[in-house]
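Okay, structure first, notes after.
The values are calculated or read from the model by the stated rules, or taken from the named source; none is laboratory data. What you are looking at is a predicted structure, and each value in this text was computed from that prediction instead of being measured. Glycine gets a Cβ as well: all are built from the backbone with ideal geometry, and neighbour counts include every protein chain shown. Note: areas computed on protein heavy atoms with side chains; ligands, DNA, RNA excluded. Shrake-Rupley method; radii C 1.70, N 1.55, O 1.52, S 1.80 Å.
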Amino acid sequence: MAHGMFRPRRLREKPLLRKLVRETALAVDDFLYPLFVVHGRGVREPIAPMPGQHRFSIDELVKECKDAAGMGIPGVLLFGIPSEKDPRGSEAYAEDGIVQQAVRAVKNTVPDLLVITDVCLCEYTSHGHCGVLDGEIVDNDRTLPLLAEAAVAYAEAGADIAAPSAMMDGQVGALRSGLDQSGHSGTAIMAYASKAASALYGPFREAAGSTPGFGDRKGYQMDYANGREALREMELDAAEGADILMVKPGITSLDLLARARQRFDLPLAAYQVSGELAMIEAAAQRGWIDRKGAALETLTAIARAGADIVITYLAADAAAWLA
């Protein structure tokens, strides 16, 4: 072997040496924890395709949020499941909607925990699409005021961040102007900027009851084959006033995260989605992979690619592992 050859292994032999030179340090401060909230009391209903995850009634949700805050998790991302659905998704923006009630309860009990609210109509519409319909097409411009109305309702209830996920053109601008005009200029927007039409959302749709009644969402969610278009979506959302840009799904968007990190100064978020969770859990249950190892490796990869914020159903587990 040549004299003076560089040996990368020198820095790998001892655990503390590996720790000393580690480039990406995953921390509990990076996590947002997505949670599902339903009407009722005493409900902690397991979600079959998402082992370890539950639908919570508000009283149980508050307990989960107290536990999350106690572990140092900075925030939760709330998804609501309404009592009734209609073509316009009315409970999304009703004053007494399930998410609005949940935000108030969480803020009353754990005031310092950040509450982020997903802003979309798909869980609330009878047809399961992300906006109001014109025939069988989602009407972009008629949907925007309803999304803004929902964001304002969540802000009124005490939400810290609105996270529009409907993939309507102009949704960030609509939310920003709606929030500003209603006196909520301090409410931040985390834009689902690059959100692909992905096969990995299946378990979520079962959890939230948001499977489209017909067709699919490829007419408004992004084609996952398009990287340049993803960056253009981020540019548009940044120009409309987004405070944080998100990519989704996380693991299949690592290249987009890396490119976005070079291009934008805004904080970047990535969502490790339900299907990514399901793959880890299913393989681990069969003994095919190590659950903790696979979870931490995938979360670290998302952070390494450039995410400042990692949205993951494994937040509580990862917080315990990292403690």
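Packing, taken as the mean count of other beta carbons within 10 Å per residue, orders the peptides 306-319, 173-186 from highest to lowest as 306-319, 173-186. For the stretch 83-225, taking Cα atoms only, Rg and Dmax work out to 14.6, 44 Å respectively.
Taking every alpha-carbon pair under 8 Å whose residues sit at least 6 apart, the stretch 1-159 reaches a relative contact order of 20 percent.
I need the P(r) histogram for the stretch 56-142: all alpha carbon pairs, bin width 5 Å from 0 out to the longest distance, whole percents. For the stretch 56-142, the pair-distance distribution reads 3, 15, 23, 19, 15, 11, 8, 5, 2, 0. Here the chain is assigned +1 on the Cβ of each Lys and Arg and -1 on the Cβ of each Asp and Glu. Its dipole about the Cα centre then comes out at about 1820 debye. What the stretch 119-215 shows is 32 Å² of accessible area per residue, with the surface traced by a 1.4 Å probe over protein heavy atoms.
Looking at the stretch 247-323, the pairs of alpha carbons with a distance over 19 Å make up 35% of the total. Mean sequence separation of contacting Cα pairs (under 8 Å, at least six apart), scaled by the length of the chain, corresponds to a relative contact order of 18 percent. Legend: translational diffusion of the stretch 126-193 by Stokes-Einstein, Rh = Kirkwood radius over C-alpha pairs, 37 °C, 0.692 mPa s; D = 270 µm²/s. Say the cut-off is 19 Å between C-alpha atoms; which of K218/K248; K107/K248; K66/K292; K66/K107 go over it? Going by Cα-Cα distance, K107/K248; K66/K292 fall outside the 19 Å limit. Dividing the C-alpha radius of gyration of the stretch 196-238 by 2.2 N^0.38 Å, with N its residue count, gives 1.35. Of the peptides 258-265, 242-249, the ranking by mean beta-carbon count within 10 Å, highest at the top, reads 242-249, 258-265.
Here the scattering of the stretch 5-131 is modelled by Debye summation over its C-alpha atoms, one equal scatterer each and no solvent; at q = 0.20 Å⁻¹ the log10 of I(q)/I(0) is -1.12. In terms of packing, defined here as the mean over residues of other Cβ atoms within 10 angstrom, the peptides 272-279, 225-232 line up highest first as 272-279, 225-232. The 1.4 Å probe gives accessible areas that order F6, F214, largest first, as F6, F214.
Based on C-alpha pairs under 8 angstrom that are at least 6 apart in sequence, the stretch 214-321 has a relative contact order of 26 percent. Taking only the alpha carbons of the chain, we obtain Rg and Dmax values of 20.1, 75 Å in that order. The DSSP beta bridges internal to the chain are antiparallel in roughly 10% of cases. When the solvent-accessible area of the stretch 1-119 is split by element, carbon and sulfur atoms take up 53 percent of it, the probe being 1.4 Å. Using θ = phi - 60° in the Karplus curve 6.51 cos²θ - 1.76 cosθ + 1.60, the 3J(HN,Hα) couplings for the stretch 70-75 round to x, 8, x, 5, x, x Hz; x is entered for Gly and Pro.
For the pair the stretch 52-74 / the stretch 1-36, the C-alpha centres are spaced 31 Å from each other.
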